1. Taking strands (runs of 3 or more DSSP E) that fall entirely within the stretch 60-151, which contain at least 2 residues that are under 20 Å from Val175 (Cβ atoms) and open to solvent by less than 50 Å² (accessible area, probe 1.4 Å)?
2. Is one or more of the residues making up the stretch 184-199 at pLDDT below 90, in a strand (DSSP E or B) and open to solvent by less than 50 Å² (accessible area, probe 1.4 Å)?
Amino acid sequence: MTWVFSGVTSADVMNNVIATVVVLAATAILTLVWKAVVGLMRGNRVFLSIPMAAVDTDDERAAIKSRIDLLIQTLEHRHGLDIYCAYTGVSGAFDPGRKAFIECFREIRKCRYFVAILPSLMATSAYVETGYALAMKKDVLIMHASGALPYLLREIESAGFSLLGSRVSAKRLEVADFDAAVERLKISGLEDFPGWAKSLRFSQKG
């Protein structure tokens, strides 16, 4: 039996319902496909966060940059990773704050993994970058010297820690100093990341 109300039949209503369901299902499928494509595009992309402006002198900054350049070459050629590090683009004055802010957060969103090397407790944007990576639910590895972390980052591995209802994949790893962190990354690549498929080669404190 077909009902007619104000010129609209029950068949019309059913057709509209079916069409709406089909559109919603298609949208859900496309969303899943898009997320999968984005995940593939990110692949093994790593955001490497290093204190820059907090380093005292140009000579120190140049020395760190040369070590980071070598680290990036090793990670890309030996471990097949795609590395972004703002340090590689610094040759003189830093970018204006707004430009640096936008580029930094854009690159963090594009990465799958985030590594912060924190050799001491200092006034550095690396803490802001780490917080944003956690908020974006990236896989986060914090390599730090003793006493280099504020309270909340020291508690990052607390059992059941979650952010916005989703468990955060994060690990902190204590190292002796900046050079120790660099050498460890050269050897292990991403093996120290929480959830990395390969067996961890090192214990948390080496």
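The values are calculated or read from the model by the stated rules, or taken from the named source; none is laboratory data. In this text, all values refer to a predicted model and were calculated from it rather than measured experimentally. Please note: Cβ atoms are built from the backbone with ideal geometry, for glycine as well, and neighbour counts cover all protein chains shown. Calculation scope for accessible area: heavy atoms of the full protein, side chains included, ligands and nucleic acids excluded. Shrake-Rupley method; radii C 1.70, N 1.55, O 1.52, S 1.80 Å.
1. Strands (runs of 3 or more DSSP E) meeting the threshold: 113-118, 139-144.
2. Scanning the stretch 184-199 turns up no residue that is at pLDDT below 90, in a strand (DSSP E or B) and open to solvent by less than 50 Å² (accessible area, probe 1.4 Å).
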